[in-house]
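See structure below.
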Amino acid sequence: MSAGQISGGDDISALVIDTGSRNVRFGFSGNDTPTLTIPSVVGAQSSGTETSNFVGDTELLYPHKHMDIERPVTNGVIQNVEKVCEIYSYGLNRLTGRRNADLSELRVSHPILMIDPIVCPSAVRAELVEYLFETLDCPAVYFAHSAVTACYASARYTGLVLESGAGYTAAVPIHEGYALHNHVVSSPIAGDVITGILDSKLNDKHVDLLSPYQYFKRGSSVTHRHLPGITDSYHAFRRAMLVEDIKESICDVPDVPMDDSTDPTPPESYSLPDGSTVTLGTERLTVPEVLFNPTMLDTTAGRNNNPAVQGMVVSSIASCDESIQRDLFQNILPVGGSTAFPQFVRRLTSEIDTMKLPVFKTKVHSYNPAERGQAAWTGGSILSSLGTFHQLWLDRAEFLEHGKGVANTKFL
Ligand SMILES: Nc1ncnc2c1ncn2[C@@H]1O[C@H](COP(=O)(O)OP(=O)(O)OP(=O)(O)O)[C@@H](O)[C@H]1O
Ligand SMILES: [Mg+2]
């Protein structure tokens, strides 16, 4: 076995990778949770003709001079396959526990199940298949859509999966294990948009958000430090991490519709890493409200024609064959990090109840919010560990015979 090979010895369990706009999750088939979650971000530092790439949660915390931050996955879609493969190589290498090995030597002897969004350009899948077989020497691969695997995670084959992560929100009807592609309703309003709105509210309030690389702290005294060569994109990346943490810690969706003129809600505070405090009042609730009321967005942003989550669920189900609508209404499954707001399920249920026909009963299933973010990964882990699944892999022989386009014909 070569130096960079991942091998489980007798254990040939598959690896599962879920590529999201915010996070890429890696782990072993059969496990409940991913082993590794890293940001979907690559730092690129150029010097002459050479570019050094930086990937990984801890590696990106160090502010390298002139390092630009790129996000190769936006709105759920891989835009830069080469950069995403940097993230995969790094993540797969970390699964072996060898952090600093030469990534060019990496070979993977496990089958890999790749989870992608419902809309994945065929050229992207084709390039990924080539990387998996030709660069990683992987024995077999499978592609599954995140909404389908998220449905498996709840031990269901039929349901309306409402995915809302960082880059997109989509209502995806699943029937007997298959996504009904023609009935998907989607919107770009998800976690990144909410983080952006919160960021501008904090700006309006003149909150001084200092990321830890911007100051020295001794006891309670904080001194700003100016590091030369820090790029705007790096600064924006670190700032967004802070704003996300504020959002996840003290924001929620309101029980009932709200806007900036609604009565004030009790404020909540968040302790920033430099020891100062930021306090949010009604904004705590009005910012995430955009999921339920996208018209709140500035019309100039061009996003206000997008549907609200409740409208997406109802119109997706209403467009499906009548014979399955009842089942879909009773199996609404919110997944993805942006459904983890504490009141999300309650609000979604009440909004759908006011919209749908009274003949249908609604059941929005409520899992532990922490599990919603990784539901797609967990479902992939379950799927790939099923006894009958081994017949479904795309193996090297098929790849060599049919070429990289086979990934689009074999996996719908
Ligand atoms: N507890 C929480 N409350 C509110 N938002 C949360 C919470 N936890 C995570 N999020 C948000 O969820 C988003 C990340 O979700 P997730 O990991 O499902 O996205 P992703 O899979 O990387 O992206 P996508 O599937 O949209 O391409 C981020 O915007 C994050 O801030
Ligand atoms: Mg996702």
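Want the number for residue 119 to residue 75: 0.36 nm per residue separation, take away the alpha-carbon distance, what's left?
Between residue 119 and residue 75, full extension yields 14.8 nm more.
In nm, to one decimal, how far is the residue 386 label point from the residue 182 one, both placed 7 Å along Cα→Cβ?
Between residue 386 and residue 182, the simple spin-label model gives 2.5 nm.
How high is the FRET efficiency from residue 397 to residue 268, r the C-beta distance, R0 60 Å, rounded to 0.05?
Here the calculated transfer efficiency is 0.55.
What is the projected area of the convex hull of the Cα atoms of segment 24-157, averaged over all directions, in nm²?
9.2 nm²
Within segment 359-374, name every residue whose backbone N is under 15 Å away from a label modeled 7 Å from Cα of residue 326 along the Cβ vector.
359-363
Specify, per residue and in Å³, the volume enclosed by the convex hull of the alpha carbon atoms belonging to the chain.
Roughly 163 Å³ of hull volume per residue.
Choose one answer from 162, 227, 92: the residue with the largest mean-square fluctuation in a GNM of the chain with alpha-carbon springs under 10 Å.
Ranking 162, 227, 92 by mean-square fluctuation puts 227 first.
Note down the nm distance, to one decimal, between modelled labels 7 Å out along Cα→Cβ at residue 52 and at residue 220.
4.0 nm
Would you mind computing the Rg to Rh ratio of segment 171-218 from its alpha-carbon coordinates, Kirkwood style for Rh?
1.36
Top mean-square fluctuation among 240, 123, 144, Gaussian network model of the chain, C-alpha springs under 10 Å?
Sorting by GNM fluctuation, first place goes to 123.
When 184, 287 are ordered from fewest to most other Cβ atoms inside 10 Å of their Cβ, what list results?
Fewest-to-most ranking of 184, 287: 184, 287.
What translational D, rounded to a whole number of µm²/s, comes out for segment 276-375 from Stokes-Einstein when the hydrodynamic radius is the Kirkwood one over Cα pairs, at 4 °C and 1.567 mPa s?
Answer from the Stokes-Einstein relation: 86 µm²/s.
Suppose R0 equals 45 Å; then what is the FRET efficiency for residue 82 and residue 370 from their Cβ-Cβ distance, rounded to the nearest 0.05?
Efficiency computed from Cβ-Cβ geometry: 0.90.
Can you give the Kirkwood hydrodynamic radius for segment 65-220, in Å, rounded to one decimal and based on Cα pairs?
Answer for segment 65-220: a Kirkwood hydrodynamic radius of 18.7 Å.
Please tell me the relative contact order of the chain in percent, rounded to the nearest whole number, where contacts are Cα pairs under 8 Å and at least six residues apart.
Reported relative contact order: 20 percent.
Select from the chain the helices, each a whole stretch of DSSP H, whose alpha-carbon atoms run 24 Å or more along the helix axis and whose Kyte-Doolittle mean is at least -0.5; answer none if there are none.
Helices meeting the criterion: 232-250.
Distances longer than 20 Å among the Cα atoms of segment 191-296: what percent of all pairs is that?
Tail of P(r) above 20 Å: 43 percent of Cα pairs.
Taking the Cβ of each residue in 314, 124 as the centre, tally the other Cβ atoms inside 10 Å and list the residues starting with the fewest.
Arranged by neighbour count, lowest to highest, 314, 124 become 124, 314.
Over the Cα atoms, compute the radius of gyration (one decimal) and Dmax (the largest Cα-Cα distance, rounded to a whole number) for segment 238-299, in Å.
12.5, 37
Using 0.36 nm per residue, how much length does the chain from residue 248 to residue 95 gain when fully extended, once their Cα-Cα distance is taken away?
Going from the current span to full extension adds 52.3 nm.
Hey, what's the Cα Rg ratio for segment 138-220 versus the globular rule of thumb, 2.2 N^0.38 Å?
Normalised Cα radius of gyration, segment 138-220: 1.71.
Identify, among 109, 203, 188, the residue whose Cα sits farthest towards the positive end of the charge dipole of the chain, taking +1 on the Cβ of Lys and Arg and -1 on the Cβ of Asp and Glu, with the dipole about the Cα centre.
Towards the positive end, the residue furthest out is 203.
Values quoted throughout were computed directly from the atomic coordinates according to the rules given, and no laboratory measurement underlies them. The structure displayed is predicted, hence computed values, not measured ones. Here Cβ is always computed from backbone atoms with ideal geometry, including for glycine, and neighbour counts include all displayed protein chains.
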